[in-house]
1. What pairs come up if the first residue lies in region 95-112 and is at pLDDT 95 or above and in a loop (DSSP other than H, G, I, E, B), the second is away from ligand 2 (no atom under 16 Å from the Cβ) and of a type in the set (Val, Ile, Thr), and their beta carbons are under 7 Å apart, counting only those six or more places apart or on different chains?
2. State yes or no: is Gly50 of a type in the set (Gly, Ala, Ser) and closer than 30 Å to Leu343 by Cβ?
3. Taking the condition of being buried (at least 19 other Cβ atoms within 10 Å of the Cβ) and either aliphatic (A, V, I, L, M) or touching a Cys at 6+ places or on another chain (Cβ under 6 Å) (or both), how many residues in region 241-276 meet it?
4. Which one is surrounded by the most Cβ atoms within 10 Å (Cβ to Cβ), of the residues in region 361-384 that are part of a loop (DSSP other than H, G, I, E, B) and touching a Leu at 6+ places or on another chain (Cβ under 9 Å)?
5. Got a sec? Which of Thr125, Thr75 is over 27 Å from Pro146 (Cα atoms) and either free of Cβ contacts under 8 Å to residues at least 24 places away in the same chain or in contact with a strand residue (DSSP E or B) (Cβ under 9 Å, 6 or more places away or on another chain) (or both)?
6. So in region 5-58, with the set limited to residues that are part of a loop (DSSP other than H, G, I, E, B) and free of Cβ contacts under 8 Å to residues at least 24 places away in the same chain, which one is nearest to Ala264 (Cα to Cα)?
7. Test Thr329 against the stated conditions and say whether it is more than 16 Å from ligand 1 (Cβ to nearest atom) and in contact with a helix residue (DSSP H, G or I) (Cβ under 6 Å, 6 or more places away or on another chain).
8. Do you know which residues across region 289-334 are under 30 Å from Glu8 (Cβ atoms), assigned to a loop (DSSP other than H, G, I, E, B) and either small (Gly, Ala, Ser) or within 16 Å of ligand 2 (Cβ to nearest atom) (or both)?
Amino acid sequence: MLTQEQNELITRTNPGTPMGELMRRYWVPALLSSEIPTPDSPPVQVRIMGEELVAFRDSQGRIGLLEEHCPHRGTSLFYGRNEESGLRCIYHGWKMDVEGRVLDTPAEPASSTFGQRVRQRAYPTHEVGGMIFAYLGPADKQPLFPDYEWTRVPENQTVVVKSLLECNWLQGLEGECDSSHLSFLHRVLDPNEHQLYKADTAPNYETEETDFGVRLVALRDLGDNQSYVRVTSFTMPLSCALPVRGAIGGYDVHFYTPIDDTHAWRFDFSFKRDEVIDRSERHTRGFVDEHFRKLQNKDNHYLVDRDKQKTENFTGLGPIFPVHDGCATETMGPIYDRSREHLGISDKAVIAVRRYILDAIQAHERSEEPPHLVYDPAQNDMTHIDARTKTFEGRDWRAQFPWLVRTGDRVAVG
Ligand code: FES
Ligand SMILES: [Fe+2]
């Protein structure tokens with residue numbers, strides 16, 4: 001349970017809010033590469049953390065992420081002409097480059113230097129894994145992009161799916177940190193499926209604070225001295241690395257970037273370490289419309305099928321995990337009031353993640369450096385962020401993954 005004050009503190013991310021200021025210290029995914037696929041392709045509106053932005057890829061392939069409203073008199077640059085290495089406003093023809101410099105003010109006299117004194121807000125971007133990340137924080141505090149293992153694999157070993165979450169970002173993130181719901185929400189009513197999650201629906205949870213966030217361990221007792229362990233990694237400030245069935249040679253990272261306080265972009269990124277991913281085998285886009293809204297959504301009761309709920313799976317919502325998760329988290333309401341909940345033993349991981357974030361907000365407000373920011377290239381090694389499952393003999397999961405418990409990755413927070 002959180003107090004209403006804590007709930008406000010941790011959920012709100014608009015400019016000037018404590019969580020918003022903390023989140024702005026990190027690189028966050030803003031849009032897919034495929035939304036601005038080629039040089040001079042049409043610009044797109046980007047809404048993140050309550051800011052109205054426009055993204056475009058210029059004639060040289062450089063990415064711009066600018067404040068949406070023209071610095072002249074505010075017309076939306078979404079309607080602008082993306083031409084000759086800049087975005088030109090349709091109202092009076094002002095043209096801005098990817099760094100926000102005003103290149104041209106054709107309605108002004110030729111002798112005017114007006115444009116040189118105006119600068120459009122522009123945010124740095126970093127493109128990797130089919131996603132375009134943005135840094136919305138103070139320019140003098142821009143960190144390196146963390147060198148996650150998944151940033152090193154070729155593009156054809158990755159896939160990313162974007163969908164709209166119609167509630168506060170934290171409700172989505174909390175679902176990723178909650179191994180317990182796998183035994184229920186995503187259960188298939190087929191005796192051959194998900195045996196591991198059904199064998200022990202009340203696993204033993206361990207959490208440990210690390211330098212990147214919280215490592216979450218769910219240990220299930222399969223009987224006969226066999227155990228099944230699932231390790232996930234909450235990574236500051238808005239993602240979770242998690243193991244997925246059928247992708248032993250890699251893992252998923254699910255990101256929840258706030259659009260505003262009551263909507264978020266969910267990015268489901270997957271990679272394989274040594275194998276090309278056949279995109280046609282994945283449900284890449286089929287479950288959302290052209291605006292990334294789920295076709296099964298709260299306006300149509302997620303197309304719940306009560307017969308299939310008896311015979312097919314636990315929810316009767318079909319096979320798509322983000323649909324199950326969307327129903328579970330969006331129906332809590334736009335911003336769930338966590339002073340009303342009743343947390344049990346199975347919520348240990350959720351509690352640990354909230355505590356870590358709240359401690360980081362408070363530390364940041366005291367002007368302390370947040371965790372998981374890296375400025376020194378020599379320190380930029382994120383291979384201890386991992387997600388694994390394994391069935392093994394005994395109960396000692398640490399012995400199975402020695403690289404996850406190397407010394408020095410525990411830090412005191414708060
Ligand atoms: S409002 Fe954009 S050029 Fe005038
Ligand atoms: Fe889920």
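1. Here the result reads Val98/Ile63, each pair linking region 95-112 to a residue that is away from ligand 2 (no atom under 16 Å from the Cβ) and of a type in the set (Val, Ile, Thr).
2. Answer is yes for this residue.
3. Residues flagged as buried (at least 19 other Cβ atoms within 10 Å of the Cβ) and either aliphatic (A, V, I, L, M) or touching a Cys at 6+ places or on another chain (Cβ under 6 Å) (or both) within region 241-276 amount to 6.
4. By that ranking, first place goes to Pro370.
5. Thr75
6. Thr17
7. For Thr329, the condition - more than 16 Å from ligand 1 (Cβ to nearest atom) and in contact with a helix residue (DSSP H, G or I) (Cβ under 6 Å, 6 or more places away or on another chain) - is met.
8. Thr331, Met332, Gly333
The values are calculated or read from the model by the stated rules, or taken from the named source; none is laboratory data. Bear in mind the structure is a predicted one, so any value in this text is a computation, not a measurement. Cβ: placed from backbone, ideal geometry, glycine included. Neighbour counts: every protein chain shown.
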